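What follows is calculated from the coordinates using simple rules that are stated; it is not laboratory data. Just so you know, these numbers come straight off a predicted model, no measurement behind them. Cβ coordinates were reconstructed from backbone atoms using ideal geometry, including for glycine residues, and neighbour counts include every protein chain displayed.
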Amino acid sequence: MGRLTVHATGPARPETVWQRYACIDRWASWSPQIRAVRTPDRRLASGMCGTVESIAGIRVAFTVEHVDHDHRTWTWRVRLGPTRLRLHHNVRAHGRGSTTGLTMEGPRPVILAYAPLARLALRRLVRP
């Protein structure tokens, strides 16, 4: 098992970045690897379950473990077959913009392979 954290800083305000996380329908707009999110809930909430479909058509099951809207943090678990990852996201003010971070826990080869896509998504997330 491994653990890796990636960050991105940009001009988008923390409130804007957080709303991009909190509104499920916006995920595909900043995360290029996501084609669709299937869940009955449209706002990020603890206990929420569903699937994320990648642009390659791969469907990954997820469960949101915890959301703290006040502190702009959330944690979820994703599963594809026997592979499981735990992903912890945060958004913080930084200068005139924000910094967002993602800590990934899971099989080291998987998190190392996913890190470049995660960095790209985070950079898009903090754009104006």
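Looking only at strands (runs of 3 or more DSSP E) that lie completely in the range 18-124, which have at least 1 residues being touching a helix residue (DSSP H, G or I) at 6+ places or on another chain (Cβ under 6 Å) and not small (Gly, Ala, Ser)? Don't jump to the end; show me each part of the working.
Details: elements: 34-38, 49-54, 59-68, 73-80, 83-94, 97-106.
Because the criterion is at least 1 residues that are touching a helix residue (DSSP H, G or I) at 6+ places or on another chain (Cβ under 6 Å) and not small (Gly, Ala, Ser), the strands (runs of 3 or more DSSP E) in the range 18-124 that meet it are 34-38, 83-94, 97-106.
In this structure, does Arg84 turn out to be over 22 Å from Pro11 (Cα atoms), surrounded by 14 or more Cβ atoms within 10 Å (Cβ to Cβ) and in contact with a Phe, Trp or Tyr (Cβ under 7 Å, 6 or more places away or on another chain)? Before you say what the answer is, go through the steps one by one.
Working: over 22 Å from Pro11 (Cα atoms): yes; surrounded by 14 or more Cβ atoms within 10 Å (Cβ to Cβ): yes; in contact with a Phe, Trp or Tyr (Cβ under 7 Å, 6 or more places away or on another chain): no.
Against the criterion (over 22 Å from Pro11 (Cα atoms), surrounded by 14 or more Cβ atoms within 10 Å (Cβ to Cβ) and in contact with a Phe, Trp or Tyr (Cβ under 7 Å, 6 or more places away or on another chain)), Arg84 does not qualify.
Give me the residue from the range 62-79 that is surrounded by 15 or more Cβ atoms within 10 Å (Cβ to Cβ) and not β-branched (Val, Ile, Thr) and, out of that set, farthest from Thr39 (Cα to Cα).
This residue is Arg72.
If you scan the range 30-46, which residues turn out to be exposed (fewer than 13 other Cβ atoms within 10 Å of the Cβ) and in contact with a His (Cβ under 8 Å, 6 or more places away or on another chain)?
none
With the requirement that a residue be among the hydrophobic types (A, V, I, L, M, F, W, C), out of contact with any His (no Cβ under 9 Å at 6 or more places or on another chain) and free of Cβ contacts under 8 Å to residues at least 60 places away in the same chain, what does the range 1-29 give you? Step through it out loud before you land on a result.
Within the range 1-29, the subset among the hydrophobic types (A, V, I, L, M, F, W, C) is 1, 4, 6, 8, 12, 17-18, 22-24, 27-28.
Cutting the leftovers down to out of contact with any His (no Cβ under 9 Å at 6 or more places or on another chain) gives us 1, 4, 6, 8, 12, 17, 23-24, 27-28.
Correct list: Cys23, Ile24, Trp27, Ala28.
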